[in-house]
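Structure first, then comments.
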Amino acid sequence: MRDLLMLGLFTVLIYKTFKDPMWGVLGWVWMGVMNPHRLAYGFAHDAPWSMLIAVALFTSLLVHRDKLVRFPVNAVTVLLAIWIVWIGISPLLFSFYPVREMHYWSRAFKVLLMVLVSLMVVQRRRDLDWLVLVLVVSIGYYGIKGGVFTVLTGGGARVWGPEGSFIEDNNALALATIMTVPLIRYLQLQSTRKWQRYAAGLAMLLCMASAVGSQSRGAFLAIIAMSFFMWLKSRHKLPLALVVLLALPLIFVFMPDSWSERMSTIRTYDQDGSALGRINAWHMAWRMAVDLFPFGGGFTVAGPAAFAKYAPDPSIPLTAHSIYFQALGEHGFMGLALFVGIYAMTWRLANATIRASKAVPELQWARDLAAMCQVGLVGYATGGAFLSLVYFDLPYYLVLIVVVTNRIVVAEMANRKKAAIAAGQVPRDVHSPYWGSA
């Protein structure tokens, strides 16, 4: 039954993609983030759905190329483009396992390429709202299910993501779930019906419960950091503060003793084998990056060969378990600078969007969306410090959303400036940070 449902939905999706490339973008995001075919048990489970939707999307782009917008050129997109090129250099030069590089490179390349392509397709607020909704549904499905399980079992059950995906591991899924909460908050702020606001509030609580129930220490730290920034960036601060201050302690209180014991290892990391293994991997990444400066060792550095040469303890080869040390070890100091620079420039662009839209009631949605994307990036920066998720697609989609939102705001403010000049209300030599390109 699930296989037939998947086939039916996908057939409609392909048809809609040929009519409008935006449907292809939404389909790609849905397949890449949620991996719905992994929920089936028959032919649909291993069918090449992503490849088919990509072919349909690129065909639609050729047919409807007149509907595309010009590729935005700014600090974020330039760094993204350079990042795509750079991640192919280290594997070519210094890989310890060259025959295994192509699999990992192609996976990362496809995610980044589709983000760049989507920048020419996603144009309007409606497109952004649909994109946010698809992301919320794709990850919220696992988050809400995990939250229900956590409540019913008292934190005794963990939810795992779809096999073969970036969020298969329960820790990665917990971080993804947390990063989805501010997107749900954005939808809540834009909702016009009371039941929609209540449903969004319940979804946020269940997602946080799911993340806490995962017993992921990184997710726990991400929740703390994001809760503060969401309060800082959100409208209606008092009601949100009351909800957070009441909900989080209740969630923590009902967790089993195993949860408290695991969280306590944050302070006693020097006595935790897992933490020591990660620190060993971080030392390895640093030494490798120094030796190969400015390059790294490629996608396959988490193996015996690299650890035998660079690690303090070669006997425990582990993945970096940190987006920062993963980028450093795999792509060197230049790669780390590019990776961090993408999100730093995205944050700056979101700030420009918030400033420009602050005094325009019609653009309140843009301010909310840019702010909530920043909150999501705080979660990624915090929780990602303990997970190997450099190529995870969700944060790159937050980058996409911020760039498109800024483009819409800049165009709207430029139109308002032209109208004001035509009406004689603004001198032509007036320069404002809110006019023109942000």
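None of the figures in this text is laboratory data; all of them are computed from the coordinates on show. This is a predicted model, so every value here is computed, not measured. Reconstructed Cβ throughout: ideal geometry from the backbone, glycine too, with neighbour counts over all protein chains shown.
Count the lysine pairs in the chain that are 8 or more places apart or on different chains: how many have C-alpha atoms under 19 angstrom apart?
Close lysine pairs found across the chain: 6.
For region 1-68, compute Rh as the Kirkwood radius over C-alpha pairs and then the Stokes-Einstein diffusion coefficient at 4 °C and 1.567 mPa s; write the answer in µm²/s, rounded to an integer. Walk me through the numbers on the way to the answer.
Working: Rh = 12.1 Å.
It comes out at roughly 107 µm²/s.
Once Lys and Arg get +1 and Asp and Glu get -1 on their Cβ, which of 230, 390, 29 lies farthest toward the positive end of the dipole of the chain?
230
Place the peptides 380-389, 131-140 in order of packing, highest mean first, counting for every residue the other Cβ atoms within 10 Å and averaging per peptide.
Result, highest mean first: 380-389, 131-140.
Could you work out [θ]222 nm for the chain from helices alone, using -39500 (n - 2.57) per DSSP H run of at least four and dividing by all its residues? Round to the nearest 500 deg cm²/dmol.
Theoretical 222 nm ellipticity from helices: -23500 deg cm²/dmol.
Which of the peptides 6-12, 48-54 is most tightly packed, and how do the rest follow, judged by the mean count of other Cβ atoms within 10 Å per residue?
Ranked from most to least packed, the peptides come out as 48-54, 6-12.
Given the options 68, 51, 1, identify the residue whose Cα lies farthest towards the positive end of the charge dipole of region 1-68 (+1 on Cβ of Lys, Arg; -1 on Cβ of Asp, Glu).
68
How much net charge surrounds residue 88 when only other residues with a Cβ under 14 Å from its Cβ are counted (Lys, Arg +1; Asp, Glu -1)?
That sum, taken over residues with Cβ under 14 Å, equals 0.
Which net charge results for the neighbourhood of residue 407, defined as the other residues with beta-carbon distances under 13 angstrom from its beta-carbon, given Lys and Arg at +1 and Asp and Glu at -1? Intermediate results must be reported in sequence, preceding the final value.
Working: positive: 70, 124, 125; negative: 127, 412.
Spelling it out: positives minus negatives among the neighbours equals +1.
Specify whether the C-alpha gyration tensor of the chain places it in the rounded, prolate or oblate class, a ≥ b ≥ c being the square roots of the eigenvalues: rounded for a/c under 1.5, otherwise prolate if a/b is larger than b/c and oblate if not. Don't skip to the answer; put the middle values down first.
On the way: a/c = 1.39, a/b = 1.23, b/c = 1.13.
Here the chain falls in the rounded category.
Once you've got the GNM for the chain with C-alpha springs shorter than 10 Å, pick whichever of 424, 335, 303 has the biggest mean-square fluctuation.
424
Residue by residue through region 277-288, which ³J(HN,Hα) values in whole Hz follow from phi under the Karplus form 6.51 cos²θ - 1.76 cosθ + 1.60 (θ = phi - 60°), with glycine and proline marked x?
Listing the rounded values in order: x, 5, 4, 4, 5, 5, 4, 4, 4, 5, 4, 5 Hz.
Once you have a ≥ b ≥ c as the square roots of the Cα gyration tensor eigenvalues for region 1-133, tell me rounded if a/c is under 1.5, and otherwise prolate or oblate according to whether a/b is larger than b/c.
Oblate, since a/c reaches 1.5 and b/c is not below a/b.
So for each of 322-328, 83-89 I average, over its residues, the number of other beta carbons within 10 Å; can you give me the resulting order with the highest mean first?
Ranking, from highest mean packing down: 322-328, 83-89.
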